[in-house]
Structures are given as structure tokens and as C-alpha cells.
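No lab work stands behind these numbers, since they all come straight from the coordinates. The structure displayed is predicted, hence computed values, not measured ones. A quick note on method: Cβ atoms are made from the backbone with ideal geometry, for glycine too, and the neighbour counts reach across all protein chains shown.
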Amino acid sequence: MKKFGSQSQNFYLETKLGIVTQTGNWFHTTSEHIHQFVPGLLDERSLDQLVKEAIAWVRSADSLALTLLLVLLLFIPPVLAAVITVAFHFFWYRLKSGFVTTYVGRLLTFMNTDGYLLIVSLVIISYIGMQGNYLGAVLALVFFFLMKLGLLKHLWDKIDADNKSGLSLNDRVFKMVLVKNAMHYNITPKEVQKMEDTFVELYVGRKEGKE
């Protein structure tokens, strides 16, 4: 089974081992599993919309951390701002699934756009540069590329690389996206524990298939 997103939202591929996006993010579930565990949800929100929302949360650590850094650089020393930003990125990346809500996901989709990140970065970097905060401007540029390339995310993923039990960080997000949308549309998710077990089974199967 291989299914692409709709022609207007062709940014992921659905396979028997789950959904993989153009950016290489895996969600270990399928539309069939969603029908099984949250019946009726795909009649209310398409798989395209659910995947896009999950991607927004997965990418949120980068856009929020960069925004935080740019704001902090206006008020505190650059090195302290950088330390706080790295700490925030680490904890948000690992714990973001606990904050998943439908409406915030739409805001994050906007904050993840290149237009938002480029404009906000350009304005603040230019301002602090004109104020003589050259270290802050350099750090902002460095973090812009770190976040844009997802290098901090890759570092945290390396730390979790040996974890073959339990839900992956991406799957925790997707599970919460399903649960929160089900609640929004007054749909009761069935057998949530079994849904988690299916995520884990596909995740472990994909990992073992690569070894």
C-alpha cells in the first residue's frame, strides 16, 4: 500500500509501515488504523489536515525556539539568551505532545512558514545589529540556520536513537492530534492503548527492517 496526499496537499506518502512526510518525519499509523481507532474522524478532518497539524507540532520546537531567542536578544545578554533557547528547545521538543490543542496547531502552522521566520529574523537581527549588539546578531544568524536545518532536532533524535520501546516523539504527537480532534468533534477514541501498541509495533518493525 502506497498512497500520496491529495494533489493539492502532496506532502506525504502513506505505506504499510506508516506515513512519511517530504521532510523525512515518520508517523507509524495509517488511515486504516485511524478509521479503526477513531471511527468517523476522517469524515470530519481529512488525513491531509491531520498530517499537516502533526507536522506543525513536530516542527514547532524550531520556530518557537528561534522566536524566543530573537525576543530574548532584545532584553538580555546574547550568551544567556542562547543557553535559555537551547534548554527550551530540548524540553519543548520532548514534551510538546502534552500541549497539543487543535487551535494552537493552526497558529504553529503559520509560525513554521518561511515567510514568518524570515521576516521576524530579518527585522530583529537588523535592529540589534544597528544597536551595536554584534554578538547577538551573529548568534541569531547561527540559530536561524540551526533551526532551519533542524540540527538541534537531529541531535535530540540521536540521543533517543536506541529507544525501541514505547511511542516515538512523533507518534506521541500524532496520537494526541487524533485524540484532541476526536474530542473536538465529540468522537470517542476506541481502545487508546491498542492504538498506542499499533504505533509501537510499526515503529519497531521499521527500525528492525533498517538493521
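Charge dipole (Cα centre; +1 on Lys/Arg Cβ, -1 on Asp/Glu Cβ; no other charges) of the range 3-210 amounts to roughly 180 debye.
One quarter of the convex hull surface built on the alpha carbon atoms of the range 3-210 amounts to 12.0 nm², the projected area averaged over directions. Just going by the charge dipole of the range 3-210, with Lys and Arg at +1 and Asp and Glu at -1 on Cβ, which of 102, 13, 91 is farthest out on the positive end? Of 102, 13, 91, it is 91. Scalar couplings 3J(HN,Hα) for the range 30-45, obtained by applying the Karplus form with A = 6.51, B = -1.76, C = 1.60 to θ = phi - 60°, are 9, 4, 4, 5, 5, 4, 6, 8, 10, x, x, 5, 5, 7, 8, 9 Hz; x denotes Gly and Pro.
Mean sequence separation of contacting Cα pairs (under 8 Å, at least six apart), scaled by the length of the range 99-190, corresponds to a relative contact order of 37 percent. Among residues other than residue 108 with Cβ under 11 Å from its Cβ, the summed charge is +2 (Lys and Arg +1, Asp and Glu -1).
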